[in-house]
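> Take this structure, written in structure tokens, and hold onto it; I'll ask about it next.
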Amino acid sequence: MGIAPGIIWLLYFFIANRNEAKSFETVFRVFIWSAAFTIPAAILEHALDATLKKATLQESLFASFVLIAPIEEFFKLLAVWVGAYRRSDFRGPMDGLIYALTAALGFVAIENALYTLRLGPEILWSRMLYSTPAHLLFSAVWGYSLGVARFVPSGEIWIILRGFLVSVLFHGSYNFVVALDPAKAKINLIPLLLVFAGVSVYLVRRLNRLSPYPYLGDALLIVCPDCEAYTPESSGKCRRCGFNLAELDPHAPRFCWKCRHRVAPTAKRCPRCYVRIRQSDAPDAHEESLKKSG
């Protein structure tokens, strides 16, 4: 029961993306990495005595904001960094959020199981109603930062760090409310979770604005002269109208598959969003057509 939310998420992703096996493979990898990182996080917290036990105000603040929140958010972020961040399946800004939520579910699944084994099954319902969505909301912040940072030419680490620090602030605030009055925490946490949820919805909307184009592959795109639709140059024919791309002007502009910025035919990265661009399987074809035209 402790790992059920994570398994349900993975099954949902598999069904929704059954035609993209590689994407599911990457999501599953992030889930496993995050579940595995629960162990060193727990060991580190135990060694530092980072628990929400009855303590002074200063001790509760220190445990909440300096120990528990940074440790747990770091290991969740590390799972995405190791499992997905530099891979080709990280195709757009929204993927940062998807992989962050997956890492949160992998982490909280094992955490729920450990709490259930230690405190009994009665703890599971409060964990599923509070801790599971809370971890998702914490991770959404640095997931947003990963999605933005992955496609910018500079300032990558600083963008990720800012998102990480805000997620630590959210996580620490949640822990501190629990530490202040565990008996009333179920009531006191509701407005806090609603605020976190509102921030997450705002971030999702911003990511949607950053991802206005459908994914057409990770190779160069051209504009079909017949129907004016973007289509991969390597496909040979326009995906919308079937126009034969062999008849295309060899000097026609090429575009980034991610942000549609114009790029050189031999570009390996977009100069605007810095995303990797896969070269055509027949790289000499463009040069040959230029020679014939010229």
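> Report, by residue number, each residue of segment 136-177 that is touching an Asp or Glu at 6+ places or on another chain (Cβ under 8 Å) and not polar (S, T, N, Q).
F138, W142, G147, A149, R150, F164, V168, H171
> Just checking, which of A140, A134, A149 is closer than 13 Å to I98 by Cα and either in contact with a helix residue (DSSP H, G or I) (Cβ under 6 Å, 6 or more places away or on another chain) or of a type outside the set (S, T, N, Q) (or both)?
Criteria check complete, one pass: A140.
> Is it the case that S167 is hydroxyl-bearing (S, T, Y) and part of a helix (DSSP H, G or I)? Write out each step before concluding.
Working: hydroxyl-bearing (S, T, Y): yes; part of a helix (DSSP H, G or I): yes.
Yes.
> How about segment 218-250: which of its residues are assigned to a helix (DSSP H, G or I) and either touching a residue at least 40 places away in the same chain (Cβ under 8 Å) or not hydroxyl-bearing (S, T, Y) (or both)?
Looking only at segment 218-250, we keep the residues that are assigned to a helix (DSSP H, G or I), and these are 233-235, 245-247.
Residues satisfying the conditions are E233, S234, L245, A246, E247.
> Could I ask something else about it? Taking the stated definitions as given, is A113 crowded, with 24+ Cβ neighbours inside 10 Å and either hydroxyl-bearing (S, T, Y) or closer than 22 Å to A41 by Cβ (or both)? Don't jump to the end; show me each part of the working.
On the way: crowded, with 24+ Cβ neighbours inside 10 Å: no; either hydroxyl-bearing (S, T, Y) or closer than 22 Å to A41 by Cβ (or both): yes.
No, not satisfied.
> Just one of (1) more than 30 Å from R276 (Cβ to Cβ); (2) under 17 Å from the mean Cα position of the chain (by Cα); (3) among the aromatic types (F, W, Y) trips up Y130, so point out which.
All conditions are met except number (2).
> Those residues that are at pLDDT below 80 and either at positive phi or under 16 Å from the mean Cα position of the chain (by Cα) (or both), I need them from segment 210-220; list them, please.
Once the filter is applied, which keeps residues that are at pLDDT below 80 and either at positive phi or under 16 Å from the mean Cα position of the chain (by Cα) (or both), segment 210-220 yields L210, S211.
> Just a yes or no: is a residue in segment 174-191 of a type in the set (K, R) and either in contact with a His (Cβ under 8 Å, 6 or more places away or on another chain) or within 30 Å of P70 (Cβ to Cβ) (or both)?
Among the residues of segment 174-191, at least one is of a type in the set (K, R) and either in contact with a His (Cβ under 8 Å, 6 or more places away or on another chain) or within 30 Å of P70 (Cβ to Cβ) (or both), which makes the answer yes.
> Look at G172 and say whether it is farther than 17 Å from D95 by Cα, surrounded by 14 or more Cβ atoms within 10 Å (Cβ to Cβ) and assigned by TED's automatic domain parsing to the domain that holds S64.
For G172, the condition - farther than 17 Å from D95 by Cα, surrounded by 14 or more Cβ atoms within 10 Å (Cβ to Cβ) and assigned by TED's automatic domain parsing to the domain that holds S64 - is met.
The values are calculated or read from the model by the stated rules, or taken from the named source; none is laboratory data. In this text, all values refer to a predicted model and were calculated from it rather than measured experimentally. Quick reminder, even Gly has a Cβ in these numbers, built from the backbone with ideal geometry, and neighbours come from all protein chains shown.
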